[in-house]
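J.: Before anything else, here's the structure in question.
Values quoted throughout were computed directly from the atomic coordinates according to the rules given, and no laboratory measurement underlies them. Every value quoted in this text rests on a predicted model; they were computed, and no experiment measured them. All Cβ positions, even for glycine, are placed from backbone atoms using ideal geometry, and neighbour counts span all protein chains on display.
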Amino acid sequence: MNFDIKEAVEILERTPVTLEHMLSGLSDGWLRSHEGEGTWNAMEVIEHLIEAERTNWIPRLEFLLQEGEGKPFPPFDRYAHLNEAAEQSIVQKLQAFKAIRAQNLAKLKVLMDSAPDFERTGLHPAFGVVKLRELLSTWVVHDLTHTSQIVRVLAERYRHDVGPWIEYLGILKRR
């Protein structure tokens, strides 16, 4: 196993700053670009990350530590952010993400100071028994997944403008 809580925190604490540097000051053309019908733009990805911070990672971690396998985690609605009419600027959304992530990392530090057993288990509503280290690892990879998604969405904006160079641009190769 590769999981190391200190290494996990290295990514978790950098994600908000990375996204802030990548997205702050970009025009709406960049921020509202998407990969097609039913896909998210960069603004929506940030909204999703905020929602996950509010209702997923730390709440589930606390639930796992309290309930173990006694009760399944409350479900996480991956699309809840799409139901909110949030008319904030990208800067406001990035600041909100940064603030809630800082709060969650502070809570994580307190929880980790008690040296929990990372093999401790909880009950996921869809997957069944899951381990604490799996939840924390997923939080990290979730950040990386959505950072990658944002980069793909930005690249997609110029898909038809790169001409024949598309052959050399792996980011534009659809799976």
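J.: Per residue, how much space in cubic angstrom lies within the convex hull of the C-alpha atoms of the stretch 5-172?
T.: Considering the Cα atoms of the stretch 5-172, their hull volume per residue is 132 Å³.
J.: Normalise the Cα radius of gyration of the stretch 125-175 by 2.2 N^0.38 Å (N = residues in it) and let me know the number.
T.: The stretch 125-175 yields a ratio of 1.68.
J.: Lysine pairs in the chain with Cα distance under 20 Å, only those 8 or more apart or on different chains: how many are there?
T.: Taking the Cα cut-off of 20 Å, the pair count is 9.
J.: Okay, moving on. Calculate, for Glu62 and Glu87, the FRET efficiency according to 1/(1 + (r/R0)^6) with r their C-beta to C-beta distance and R0 22 Å; round to the nearest 0.05.
T.: 0.10
J.: Just grab the label-to-label distance for Met112 and His21, each label 7 Å out from Cα along the Cβ direction, in nm (one decimal).
T.: Simple spin-label model gives 2.1 nm for this pair.
J.: Picking from Asp143, Asp28, Asp161, which is most flexible by a Gaussian network model of the chain using Cα springs under 10 Å?
T.: Among Asp143, Asp28, Asp161, the largest mean-square fluctuation in the Gaussian network model of the chain belongs to Asp161.
J.: When a footprinting reagent is the concern and you count Cβ atoms within 10 Å, what order do Ile90, Ile11, Ile150 take, fewest first?
T.: Ile11, Ile90, Ile150
J.: Here's a follow-up. Can you sort Leu169, Leu108 by how many other beta carbons sit within 10 Å, fewest first?
T.: So the ranking, lowest neighbour count to highest, is Leu169, Leu108.
J.: Something else now. Ignoring everything except DSSP H segments at least 4 long, calculate the 222 nm mean residue ellipticity for the chain; use -39,500 (n - 2.57) per segment, divide by total residues, nearest 500.
T.: Helix-only estimate at 222 nm: -18500 deg cm²/dmol.
J.: While we're on this one: What's the longest uninterrupted piece of the chain once you rule out the GluC sites (Glu not before Pro) that are loop residues per DSSP with at most 11 other Cβ within 10 Å?
T.: Looking at the chain, 120-175 is the longest stretch - no exposed GluC sites (Glu not before Pro) with at most 11 other Cβ atoms within 10 Å.
J.: Label point 7 Å out from Arg32 along Cα-to-Cβ: which residues of the stretch 80-122 have amide N under 20 Å?
T.: Residues 81-94 fall inside that zone.
J.: About the Cα centre of the stretch 5-172, what is the dipole size in debye to 20, counting +1 per Lys and Arg Cβ and -1 per Asp and Glu Cβ, all else neutral?
T.: 280
J.: When Val91, Val45, Val130 are ordered from fewest to most other Cβ atoms inside 10 Å of their Cβ, what list results?
T.: Val91, Val130, Val45
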